[in-house]
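FYI, it's all coordinate maths here, none of it is from the lab. This structure is a prediction, so every number in the text was calculated from the model and none was measured. Cβ placement follows ideal geometry from the backbone for every residue including glycine, while neighbour counts extend to all protein chains displayed.
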Amino acid sequence: MSDEVGFITMAGARATGDAPEIGVGMMGYAFMGKAHTNAFKKLPYMVYPPPAIPKLIAIAGRNEDAVKEAAKRYGYAGYYTDWKLMLKDDRIQLFDNGGPNDAHAEPCIAAAQAGKHILCEKPLARTAKEAAAMLEAVEKAGVVGMVAHNYRFVPALRLARELIESGKLGDIYHFRAVYLQEWIMDPNFPYVWRLDKSIAGSGTLGDLGSHIIDLARFLIGEPRKVNAMAKTFIKQRPIPGGGTGEVSVDDAFIANMEFENGALGTLEASRFCAGRKNHQVLEINGSKGSLVFNLERMNELDVFWKDDEPRETQGFRNVLVSEAYHPFWKNWWPQGHMIGWEHTFVHEIAHLLDAIVNKTPVAPYGADFMDGYKNAVICDAVLEAAEKERTVAIRY
């Protein structure tokens, strides 16, 4: 059979009822811009059939040379140097905000008012007041808003939630979480926006702590009160080009929480832990067993069941979370063929697109803007507790 006869073209194969296209407008093109774009491009052929097909319309940034290069590199149809102009583009239905924390509120509120659905990087806002305004705008406009707490979409952590929800762990007594990195330990590390309270809102608390606060709520429930300590170890940083800048955010914090269900929690985050690259470790202790998760071994979950037999060999067992029946794995590889950090964004964005197309709720499995607001309330309470050296009640 000749090639002409044997070859069947797929041109025009998209039929009525196939997944719709959703135009994406991205703000920011660095770390998270790369991660989200990678997921948008990978999603249609891995999460199959996809709930929608992302169409990369435009990317926005202030530096024209840099944003032009990003559009070319990532495959966006074009670019804007003003996000306000991008939000007027009718081809865009989804606004993806990967900008610095001070560029979350105004663009997201404007996007909601323009009828765009929103994916916003964490933390949702610098303060609870700012987050409340964003939540109000999304609810008033009736658009879908999601906060990019991608660790909710780690298969092992979703399995942990399922085990807790099933009652297999019994009553929950403790939630223990640390998130440790080392990247600003050098006193000569330059002054960047993450060290400026007016831009970032907080330091390690918003950068790393917001993740483990979100996971505490996702896995255990609402916290009732908190006390905390926070510390800035290096108060001045060199500014590229000359001079120094005053560090106005926390370098580390430690918090104790009591949850509404009676469980106790300890949370710690620091960017001053030599040797720690992305060390997020959670431990949950219940009346029937315990779970331990380590992000740097993200395909594993350590499990202990109190009533396991025989008693002589009882202990933690390491579960490789890679079976087809484990959360999210039906989209990937045969068991034991690992996935990584980047794949959490594929799961997250697939969940968002499903919520947009099928009008399903983002919560409880994804973090909606209400979750982002509550996270901001807790972050504010942690800072207040540390500053005033007293226990602070959490009130939404």
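Can you tell me the length gained on complete extension of the stretch N318 to E182, counting 0.36 nm per residue apart and subtracting the Cα distance?
Length gained, N318 through E182: 46.2 nm.
What is the distance in Å between the Cα centroid of segment 216-268 and that of segment 182-200?
15
Sorted by mean Cβ packing within 10 Å, highest first, what order do the peptides 203-209, 256-262 take?
Result, highest mean first: 203-209, 256-262.
Of the listed values (i) 79, 42, 34; (ii) 70, 63, 42; (iii) 83, 47, 35, grab the one calculated as Cα extents along the principal axes in Å from the structure here.
The value computed from this structure is option (ii).
Along the three principal axes, how long is segment 314-391 when you take its alpha carbons, biggest first, rounded to the nearest angstrom?
Result for segment 314-391: principal-axis Cα extents of 52, 46, 22 Å.
Taking the Cα atoms of segment 12-150, what is the range of coordinates along each of the three principal axes, in descending order and whole Å?
Extents along the principal axes, in whole Å: 48, 35, 28.
Rounded to whole Hz and in sequence order, give me ³J(HN,Hα) for segment 93-106 from the Karplus expression 6.51 cos²θ - 1.76 cosθ + 1.60, θ = phi - 60°, writing x for Gly and Pro.
10, 10, 9, 9, 9, x, x, x, 4, 6, 10, 8, 5, 4
Can you work out ³J(HN,Hα) from phi for every residue in segment 170-179, in order, using Karplus 6.51 cos²θ - 1.76 cosθ + 1.60 and θ = phi - 60°, giving whole Hz and x for Gly and Pro?
For segment 170-179, the Karplus-derived couplings read x, 6, 8, 9, 9, 10, 10, 9, 10, 9 Hz, x marking Gly and Pro.
If I take every Cα pair under 8 Å that is 6 or more residues apart in the chain, average their sequence separation and divide by the length, what percent do I get for the relative contact order?
Relative contact order of the chain: 19 percent.
Where both residues lie in the chain, what percent of DSSP beta bridges are antiparallel, nearest 5? Before the final figure, lay out each step's value.
Numbers: 43 of 71 bridges.
In the chain, approximately 60 percent of DSSP beta bridges are antiparallel ones.
Once R0 is set to 51 Å, what does the formula 1/(1 + (r/R0)^6) return for the Cβ-Cβ distance between A77 and R311, expressed as a FRET efficiency to the nearest 0.05?
The calculated FRET efficiency here is 0.20.
Once you place label points 7 Å from the Cα toward the Cβ at W193 and K359, how far apart are they in nm?
3.7
With springs only between Cα atoms under 10 Å, which of F293, F31, F272 fluctuates most in a Gaussian network model of the chain?
The residue that fluctuates most here is F31.
Counting only residues 5 or more places away or on other chains, whose amide H sits under 5 Å from the amide H of E21 once H atoms are built in the peptide plane?
Counting only residues 5 or more places away or on other chains, the set is I53.
By DSSP, what percent of the beta bridges with both residues in segment 12-150 are antiparallel, rounded to the nearest 5?
Just about 0 percent of them are antiparallel.
Can you tell me which of 110-122, 378-390, 233-245, 318-330 comes out highest on packing, and rank the rest after it, using the mean Cβ neighbours within 10 Å?
My ranking of the peptides, most packed first, is 110-122, 378-390, 318-330, 233-245.
Estimate the FRET efficiency between E64 and E162 by the formula 1/(1 + (r/R0)^6), using the beta-carbon distance for r and 35 Å for R0, to the nearest 0.05.
Working: r = 47 Å, r/R0 = 1.35.
For E64 and E162, the calculated efficiency is 0.15.
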